[in-house]
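Asks: Right, I'll just put the structure down here and ask away after.
No value in this document is a laboratory result; all are computed from the given coordinates. Worth saying up front: this structure is predicted, and the values here are computed from it rather than measured. Backbone-built Cβ (ideal geometry, glycine too); neighbour counts: all protein chains shown.
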Amino acid sequence: MSAFDSIRQGLEEAKAFSKGQGGDARVQEIAVPEINVADIRAQTGLSQAAFARSIGVAKGTLLNWEHGRRSPTGPAQVLLAIIAKKPSVVQELLR
């Protein structure tokens, strides 16, 4: 099967699933832990500006996360979960 055919088949299965059809579809749910961005940053000992720089986001974005106006999603959420488990990882990688 070509890559195009595989993608087309996947899209057809997704369309069928969205209409309540397609009992063969597998749905995988991943539980992402709740994170407190302010606590995670505090564990690193970095200022807001330095922490934002170290994870590649704008300081305003970090402030919005810390104040609960927004929540990190996708790769940022995963990165923050990693930092929560090992706060020194940021400084180790930036050396």
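Asks: Peptides 10-20, 83-93, 51-61: what's the order by average Cβ count within 10 Å, highest mean first? Write down the numbers at each step before the final one.
Replies: Numbers: 10-20: 11.3, 83-93: 13.5, 51-61: 15.4.
Order by mean packing, descending: 51-61, 83-93, 10-20.
Asks: Could you check the simple spin-label distance between Gln21 and Arg53, using points 7 Å along Cα→Cβ, in nm with one decimal?
Replies: It is 5.6 nm.
Asks: With charges set only on the Cβ (+1 for Lys and Arg, -1 for Asp and Glu), what does the dipole of the chain come to about its Cα centre, in debye to the nearest 20? Before the final figure, lay out the partial values.
Replies: Values: 12 positive and 9 negative charges, 82 e Å.
That gives the chain a dipole magnitude of about 400 debye.
Asks: May I pose another question? Relative contact order, percent, of the chain when contacts are C-alpha pairs under 8 Å separated by at least 6 residues? Walk me through the numbers before you get to the answer.
Replies: Values: 49 pairs, mean separation 24.6, N = 95.
Relative contact order for the chain comes out at 26 percent.
Asks: Pick from Val78, Val27, Val37 the residue whose mean-square fluctuation is largest in a GNM of the chain, springs joining Cα atoms under 10 Å.
Replies: Result for the chain, Cα springs under 10 Å: Val27 fluctuates most.
Asks: Got a sec? Charge dipole of the chain, +1 on Cβ for Lys and Arg, -1 for Asp and Glu; which of Val89, Ala49, Gly68 is way out at the positive end?
Replies: Ala49
Asks: With a Förster radius of 25 Å, plug the Cβ-Cβ distance of Ser71 and Gln91 into 1/(1 + (r/R0)^6) and report the FRET value to the nearest 0.05. Each step should come with its number before you reach the end.
Replies: On the way: r = 25 Å, r/R0 = 0.99.
Using R0 = 25 Å, I get an efficiency of 0.50.
Asks: Could I ask something else about it? Quick one: P(r) of the chain from all Cα-Cα pairs, 10 Å bins, percents rounded to integers, in order of increasing distance.
Replies: 14, 35, 16, 19, 16, 0
Asks: Also: Which FRET efficiency, nearest 0.05, do Asn64 and Ser2 yield, Cβ-Cβ r, R0 41 Å? Intermediate values should be presented prior to the final figure.
Replies: Numbers: r = 44 Å, r/R0 = 1.07.
Approximately 0.40, to the nearest 0.05.
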